[in-house]
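Participant: Before I ask anything, let me first share the structure, which is written out below as structure tokens.
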Amino acid sequence: MAQFPAQCDARKECIFNAVQTTVSSGRGAHFIEVSNQPIRPRQTALTVEMWVKTDAQAGKRIFLGGLWGPNRDANDVWVLYIDENNQLTFEVNADGSMQGQADNTIVRASASSLFGRWAHVAAIFDGASQSVRLYIDGRPAAGPVTNPAFPVSNLKPLSRPDLTTQFGSCNAIADNENLYRTFRGMIDEIRVWERALTDQEVLCQKDRSLNGNEAGLRLYYRCNEAVDNVVQICDATGNGFAGLLRAGARNVRSDRTAPRTLVVTPSSVTDELRCDSTKSWTFTITDTSICGSTATVRMRGPEAALFNVAPTNLTLVPGQPVTVTVTYSGTTIGPFVDTLEIRPTNRCGLPNTFVKLDLKRTTQVGISRSSVLFDTLFVGCRDKAFIDSTVTICNTSDVLGQPAPLTIQSATTRDPQAFRVISPTLPLTLAPGQCTTLVIRSFVMDTTNDYRDTLVVRTSDVCQRAPLIIALTGRTQEVILLQNSGGGRLPDTLRFNPTCPGQLSSPRYYTWQNITLTPIDIDTIIIPKDFTHYRVNYPFRLNPRTGYPPLAIRFRPRNPGVVFDSVVIRTRIQGCTIERVFYVTGRGLDNKVEWSVNNVVDFGNVIVGQQRTINIVARNTSQFDTLNVSLYVERGEAFTLLAGTGRRIPPGDSTSIPVTFRPIDSLEYIDRLCLFETRCYTVDCIPLRGKGVLETFRFQPLVMETQNVIACRERNDSVYIVNMTNVDQTITNVNFVNPSGRFIAVSPTTYPISSLTIRRGDSAKFVLTYRPNDVTQDRADRAFLQYKSADNKDWQVQLIGTSATPRVFVTSYTAFGTVEVGDRRVQTLVVENTSSLPMLIDSLTIGTGFTILSTSRTLPLTLQPRDSIAVEVEFAPTAATTYNAELTAWSSAPCVVRGSGDLNGKGVIIRLQNALSLVNFGFVRPCECADRVVELVNASLVFDMTIDSLLIDATGIPGGKPQFFTWTSKYSPTGTFPYAIPPNSRDTITIRFCPNTPAEDSLVDVRAALRIRARGSQWTADLETFLSGKRSMTFKPGPILVQFPPGPIDTVSQAPRTVTIRIPNFIQNPSQDVVVIDSVTFEPNERVFFVEQPTTWPQTVRPGDSLQININQRPRAPRDYVARMVIHYSKPCVGKDTTVLVRGAGYAQAKGLMFTFDPARQTVDTFAMVSCDTLEVPIRSSIVIDASVVDIDLRVDFD
């Protein structure tokens, strides 16, 4: 079915490639056979045209094409050939008569001018005029010719419809093998029409590329298939009449050229613009052909944008000139060359015409060049930080004939950091004819790039309205690229968090990369004192485009304060010492205070029963850091912190710390007040000193200490204030200070007491009760009896009470770990009396998921101090979750208390485990296999696990090749499903990789996935392991596709093919083994393809060598053949390679065949025989039959 445009019609040029035929005789003669039949029965008109480059074959008839033969008349339709007398001949056979050549209409023209050059040939049959005619190179060569005796109004229909149209040959070629030859040379642009073209069409279309859908066009071969194509050529009409290349006809690059028909005047322009910025030129374009053409016009060159062309699209009538105007508008100074291009619009490859415009624009200023290209600068090069170049500027006003001074006003760039004019100092005035040199400097930048700028030079040139523009280009190349761990560019400064002096910060990582094209060696890395760096062994080689492990740098400040420094990486390249610098900064934390008191805080003598408080000031000397500190007194016997122990001291601020000295005896007390800094864990202390003295009163006891009172009970105690003097003492404002509320006044019961007299040598008694009332902890409570003496001094008596709390300890935390649902685990816990009191343990309780199995002694029972019992607890999870509970022991005596211990366990459902997500086989030879193991672990202690399926496929893996992997299982050696893996066992899956793939680059990487579907108690899962391997290229044959041209059956091809075997390099073949090839066969073996060379086997191929194998075909039937070339080898291992695919085809060419009983007689003879006799009839063929066995059907008439 016709389809336009034809999908195969890719290249539409009419001059590109052509078909070459080089063999013109014998069974291997080259030609083109048309698939299907483009000639309709009784067609009333025909045009056949083509370009040919013909080789002369003296004394032979050379067929250019036809539907003609075999034998005479019956299948003769049309034929075009060069006869033995070098006459180009076109014959058309008459319909309805069988008169040999007598009823043919024949036209002839001299063909002597056709040999050895490209010529266009056209043959036309016109049924309306019953004539034929010939054209050479578009001009009529002969005709019209008619045959009045046998006029032809239509083409003769075939008696054998299966016969084909041919180009470069015809079906009559075997009728006279001594005289007839196929075409030898090159052929192109073959067209068959079902109408008679006019003289104008023949002439004007021969040098044009057609669309393919023109009216009446039945067949169109552009012959533009790839060079060395030997199969078929495309029919651009979409009618499906593909051209089958026979016996070795092939595509080659065409050497045909198109005639130049456009004449342009003037053919070049040389002109000078003196102070002008606009000028026009006029060109005349004439088409000297007969047919006319169209063209486009444009300017090409560096200044093309400054030109205007009008018109740009031309329609050229033969012999009628067209005018094109080119106008320049610009400010270019000095000589410049651009080109006017006239381009024909037809696809035939007609040559373009170029007109050179050699122009020079002269103004008052002249420059030596319009662009400057600087050499490469390396970032960090200490030896070369810039490059200078020069531009010369001259006052050329004298050339214009109007000498005048010229002032260079300024010369600036957009980015002076990259490019800058160094000298001379501007403005500068030049006399006529005087010149100056601008020195332009290109500076190294900080990143790799091509840097571009423009130098804008402003002058007083009256011809130049716009400033001069000089293009500047420089390149900066980094040598070492530093990146952070995420792959981004390393910042200029690495900033570290504030760090305590003497401690290491968290590391900052970076990587380095050589981004030049040559290897470099790192000589040293200079690290500042407050930083540490990963150790590097010097010199360290950095290869181009190579990744390296990250390096670490850390901050270790020696002192508080800010540190800012640089790390310098040093190397050399192309004579430059490169220092790649990046900066590092951090701050050492301040952690010291300044005390308001030097050396010792001395409280002096303080009377026992009285106190003294001193405010000690600590100042934060840091400018940045807030200090969070905890205060404490080391011994705390007589010195007390009454205002809390935590402080937050902002930078530069101070805090006041009140410390109270309360002596309890006539002793000297030494202690230290300490400040603990909570960030850097430093301690700063100051000594405390004070002395207690006895005077007027003493206390009996010195401190009333009521100790070890059972937490849920109470106890009375007493204290005496003794008068140590010889006179009576009256104390006033006696008050009972009870901050904790745990003391009760018994005697006296009421406070305050306004006045109380103690006789000399006597004492006053005070009775109090201490009631802890707290079973959660051991308490230590303070209270005071405060009073004033006669001299109005403050006194106080210290009262201290402590409690003894009954405590039951249960193992604080018991982890049962992970227990599979359905399993159980038992552990032993301890319940212990950790107090100093006997305790009654009444009962135990436990939370969900846990069970008390037993106790070592029966409850209730009394536990003595430090006595204990053992408790067995079972954990039996019922779900896959985490269990948290408590085991609680209850006691009612001596106090109601309880103790608890946390229980933790996790119920899990154990699934099948596959530890490998990727199995890599590495390189494996195609003749060998490699095994890898995947372990499927059943970690359950209770349940079987079932494997329902296990397969290797390529789902979701682009280009996956699962066919090269196989598997076996320990628990399913025959591969049956489902199968079970017992508890606490593992199944070994052995995966075998046998990369017996063709030796193609696309098949080196072999990937697939192992997919497992498994189930167990309360779970199902799909497991996946990716498989990856590489096929080692033991050897590589090429090409991988061998295409023979279709050849005549039972004939060895005259175009043998060569397959070359090489051993690839280390990248594809790490082992570099010697290869021994034993033989080459073909599968399937249809006895069509065979090896011609070498003739002896085995053959050895060593690394660096190659082996050439010549193969050929002998088709046995008219059909296509496809086989794999099988290369059998025994080293480095035994295997066979089927990389190379071989294609070929056979065809049977039609031949005329007549049988006779007697070669001397043409009439039917009569043979006599009697009944039951044997009749022997001699049959002779008119030609040699090209087959060893043929079937002959004949009819025998008898009476």
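Participant: For residues that are of a type in the set (A, V, I, L, M, F, W, C) and out of contact with any Cys (no Cβ under 7 Å at 6 or more places or on another chain), scanning just the range 73-91, find the one that is farthest from Gly59 (Cα to Cα).
Facilitator: Ala74
Participant: Please verify whether Leu340 is closer than 30 Å to Phe386 by Cα, under 49 Å from the mean Cα position of the chain (by Cα) and not in a loop (DSSP other than H, G, I, E, B), treating the condition exactly as stated.
Facilitator: Against the criterion (closer than 30 Å to Phe386 by Cα, under 49 Å from the mean Cα position of the chain (by Cα) and not in a loop (DSSP other than H, G, I, E, B)), Leu340 does not qualify.
Participant: Further question on the same structure: Do any strands (runs of 3 or more DSSP E) entirely within the range 228-294 hold 1 or more residues that are in contact with a strand residue (DSSP E or B) (Cβ under 6 Å, 6 or more places away or on another chain) and under 23 Å from Pro5 (Cα atoms), and if so, which?
Facilitator: 243-246, 250-253
Participant: Show the residue pairs that are 6+ apart or on different chains and have beta-carbon atoms under 6 Å apart, the first residue being within the range 526-555 and surrounded by 14 or more Cβ atoms within 10 Å (Cβ to Cβ), the second being small (Gly, Ala, Ser) and part of a strand (DSSP E or B).
Facilitator: Close Cβ pairs satisfying both conditions: Tyr534/Ala552; Phe555/Gly586.
Participant: May I ask you to say which residue of Arg465, Arg489, Arg475 is exposed (fewer than 15 other Cβ atoms within 10 Å of the Cβ), of a type in the set (Lys, Arg) and in contact (Cβ under 8 Å) with a residue 24 or more places away in the chain?
Facilitator: Numbers: Arg489 fails: in contact (Cβ under 8 Å) with a residue 24 or more places away in the chain; Arg475 fails: exposed (fewer than 15 other Cβ atoms within 10 Å of the Cβ).
Result: Arg465 is the single residue among Arg465, Arg489, Arg475 that is exposed (fewer than 15 other Cβ atoms within 10 Å of the Cβ), of a type in the set (Lys, Arg) and in contact (Cβ under 8 Å) with a residue 24 or more places away in the chain.
Participant: Right, here's the next one. Looking only at the range 311-370, which residues are of a type in the set (Ser, Thr, Tyr) and over 30 Å from Arg11 (Cα atoms)?
Facilitator: Listed by number, the residues that qualify are Thr323, Thr325, Thr327, Tyr328, Ser329, Thr331, Thr332, Thr362, Thr363, Ser368, Ser370.
Participant: Pairs only if they're at least six apart or on different chains, beta carbon under 7 angstrom, first in the range 185-214 and part of a strand (DSSP E or B), second among the basic types (Lys, Arg); list them, first residue then second.
Facilitator: Listed pairs, sorted by first residue: Gly185/Lys53; Met186/Lys53; Asp188/Arg256; Glu189/Arg222; Val192/Arg218; Trp193/Arg218.
Participant: Go through the range 527-558 and give me each residue that's modelled with pLDDT of 90 or more, farther than 15 Å from Leu494 by Cα and part of a strand (DSSP E or B).
Facilitator: Phe540, Arg541, Leu542
Participant: Would you tally the residues in the range 135-175 being in contact with a helix residue (DSSP H, G or I) (Cβ under 9 Å, 6 or more places away or on another chain) and polar (S, T, N, Q)?
Facilitator: Of the residues in that region, 2 qualify.
Participant: If you don't mind, there's one more thing I want to ask. Does the range 760-785 hold any residues that are in a loop (DSSP other than H, G, I, E, B), modelled with pLDDT under 95 and of a type in the set (Lys, Arg), and which are they?
Facilitator: Arg760, Arg779
Participant: Need the failing condition index for Ser159 against (1) surrounded by fewer than 16 Cβ atoms within 10 Å (Cβ to Cβ); (2) at pLDDT 95 or above, just the number.
Facilitator: Failed condition: (2).
Participant: Any residue that is of a type in the set (Lys, Arg), outside any strand (DSSP E or B), under 29 Å from Asp103 (Cα atoms) and touching a Phe, Trp or Tyr at 6+ places or on another chain (Cβ under 8 Å) - is there at least one of those in the range 31-40?
Facilitator: Checking the range 31-40: not a single residue is of a type in the set (Lys, Arg), outside any strand (DSSP E or B), under 29 Å from Asp103 (Cα atoms) and touching a Phe, Trp or Tyr at 6+ places or on another chain (Cβ under 8 Å).
Participant: Further question: From the list Arg635, Arg647, which residue is assigned to a strand (DSSP E or B) and charged (D, E, K, R)?
Facilitator: Just a single option satisfies the conditions, and that option is Arg647.
Participant: Among the residues in the range 642-652, are any under 60 Å from the mean Cα position of the chain (by Cα) and among the small types (Gly, Ala, Ser)?
Facilitator: At the first step, the residues of the range 642-652 found to be under 60 Å from the mean Cα position of the chain (by Cα) are 646-652.
With among the small types (Gly, Ala, Ser) added as a condition, the list becomes 646, 652.
Looking for residues that are under 60 Å from the mean Cα position of the chain (by Cα) and among the small types (Gly, Ala, Ser), one finds at least one in the range 642-652, hence yes.
Participant: For residues in the range 958-977 being part of a loop (DSSP other than H, G, I, E, B) and in contact (Cβ under 8 Å) with a residue 40 or more places away in the chain, which is nearest to Pro926 (Cα to Cα)?
Facilitator: Here is the first cut: in the range 958-977, the ones part of a loop (DSSP other than H, G, I, E, B) are 958-961, 970-977.
Next, from what is left, pick out any that are in contact (Cβ under 8 Å) with a residue 40 or more places away in the chain: 959-961.
Values: Gly959: 18, Gly960: 17, Lys961: 14 Å.
Among them, the one singled out is Lys961.
Participant: I would also like to ask the following. Could you list, in sequence order, all residues of the range 140-154 that are modelled with pLDDT of 95 or more and under 17 Å from Val48 (Cβ atoms)?
Facilitator: Within the range 140-154, Pro140, Ala141, Ala142, Pro144, Val145, Val152, Asn154 meet the criteria.
Participant: Could you tell me whether the range 969-977 includes any residue that is among the small types (Gly, Ala, Ser) and under 26 Å from the mean Cα position of the chain (by Cα)?
Facilitator: no
Participant: Right, Tyr813: surrounded by 20 or more Cβ atoms within 10 Å (Cβ to Cβ) and of a type outside the set (A, V, I, L, M) or not?
Facilitator: The answer is no for Tyr813.
Participant: I would also like to ask the following. Against the condition more than 30 Å from Arg256 (Cβ to Cβ), touching an Asp or Glu at 6+ places or on another chain (Cβ under 6 Å) and not assigned by TED's automatic domain parsing to the domain that holds Leu455, how does Asp358 come out, does it pass?
Facilitator: Values: more than 30 Å from Arg256 (Cβ to Cβ): yes; touching an Asp or Glu at 6+ places or on another chain (Cβ under 6 Å): no; not assigned by TED's automatic domain parsing to the domain that holds Leu455: yes.
Here the answer is no, as Asp358 does not meet what is asked.
Participant: Related question: Assuming Phe699 fulfils every condition listed in (1) buried (at least 17 other Cβ atoms within 10 Å of the Cβ); (2) free of Cβ contacts under 8 Å to residues at least 60 places away in the same chain; (3) aromatic (Phe, Trp, Tyr) apart from one, which condition is it?
Facilitator: Among (1) buried (at least 17 other Cβ atoms within 10 Å of the Cβ); (2) free of Cβ contacts under 8 Å to residues at least 60 places away in the same chain; (3) aromatic (Phe, Trp, Tyr), the lone unmet condition for Phe699 is (2).
Participant: Being basic (Lys, Arg), modelled with pLDDT of 95 or more and more than 14 Å from Val192 (Cα to Cα) narrows it down to one residue among Arg253, Arg218; which is it?
Facilitator: Being basic (Lys, Arg), modelled with pLDDT of 95 or more and more than 14 Å from Val192 (Cα to Cα) holds for just one of Arg253, Arg218, which is Arg253.
Participant: Still on this structure: What is the one condition in (1) within 25 Å of Ile469 (Cα to Cα); (2) touching an Asp or Glu at 6+ places or on another chain (Cβ under 7 Å) that Leu316 does not satisfy?
Facilitator: Looking at each condition in turn, Leu316 falls short on (1).
Participant: For the range 435-452, name all the residues that are assigned to a strand (DSSP E or B) and within 34 Å of the chain's Cα centre (by Cα).
Facilitator: Within the range 435-452, Asn449, Asp450, Tyr451, Arg452 meet the criteria.
Participant: With respect to Ile290, determine if the residue is aliphatic (A, V, I, L, M), over 21 Å from Glu13 (Cα atoms) and buried (at least 16 other Cβ atoms within 10 Å of the Cβ).
Facilitator: Considered against the rule, which asks whether it is aliphatic (A, V, I, L, M), over 21 Å from Glu13 (Cα atoms) and buried (at least 16 other Cβ atoms within 10 Å of the Cβ), Ile290 comes out as no.
Participant: So which of Ile869, Ile947, Ile852 is assigned by TED's automatic domain parsing to the domain that holds Phe993 and part of a strand (DSSP E or B)?
Facilitator: Matching residue, one of Ile869, Ile947, Ile852: Ile947.
Every residue, every condition in (1) within 25 Å of Thr54 (Cα to Cα); (2) touching a Pro at 6+ places or on another chain (Cβ under 9 Å), yes or no:
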site: Ser254; (1), (2): yes, no
site: Thr265; (1), (2): no, yes
site: Thr288; (1), (2): no, yes
site: Thr296; (1), (2): no, yes
site: Met299; (1), (2): no, no
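Participant: Need pairs with beta-carbon distance below 8 Å; first residue assigned by TED's automatic domain parsing to the domain that holds Met945 and within the range 814-839, second assigned to a strand (DSSP E or B) and of a type outside the set (Asp, Glu); sequence gap 6+ or separate chains.
Facilitator: Close Cβ pairs satisfying both conditions: none exist.
Participant: Kindly provide the set of residues from the range 494-510 that are surrounded by fewer than 14 Cβ atoms within 10 Å (Cβ to Cβ) and either within 30 Å of the chain's Cα centre (by Cα) or among the charged types (D, E, K, R) (or both), ordered by number.
Facilitator: Arg495
Participant: For Ala999, work out the one condition from (1) touching a residue at least 60 places away in the same chain (Cβ under 8 Å); (2) crowded, with 22+ Cβ neighbours inside 10 Å; (3) more than 30 Å from Leu245 (Cβ to Cβ) it doesn't fulfil.
Facilitator: Among (1) touching a residue at least 60 places away in the same chain (Cβ under 8 Å); (2) crowded, with 22+ Cβ neighbours inside 10 Å; (3) more than 30 Å from Leu245 (Cβ to Cβ), Ala999 violates only (3).
Participant: Just name the residue that is surrounded by the most Cβ atoms within 10 Å (Cβ to Cβ) out of those in the range 46-62 that are within 20 Å of Asn75 (Cβ to Cβ) and hydrophobic (A, V, I, L, M, F, W, C). It would help to see each step written out before you state the result.
Facilitator: If we filter the range 46-62 for residues that are within 20 Å of Asn75 (Cβ to Cβ), which is where we start, we get 46, 48, 61.
Retained after the next criterion (residues that are hydrophobic (A, V, I, L, M, F, W, C)): 46, 48.
Values: Leu46: 27, Val48: 24.
Among residues in the range 46-62 that are within 20 Å of Asn75 (Cβ to Cβ) and hydrophobic (A, V, I, L, M, F, W, C), the one surrounded by the most Cβ atoms within 10 Å (Cβ to Cβ) is Leu46.
The values are calculated or read from the model by the stated rules, or taken from the named source; none is laboratory data. Owing to the predicted nature of the structure, the values given are computational and were not obtained by experimental measurement. Using ideal geometry, Cβ is built from the backbone for each residue, glycine included, and neighbour counts are taken over all protein chains shown.
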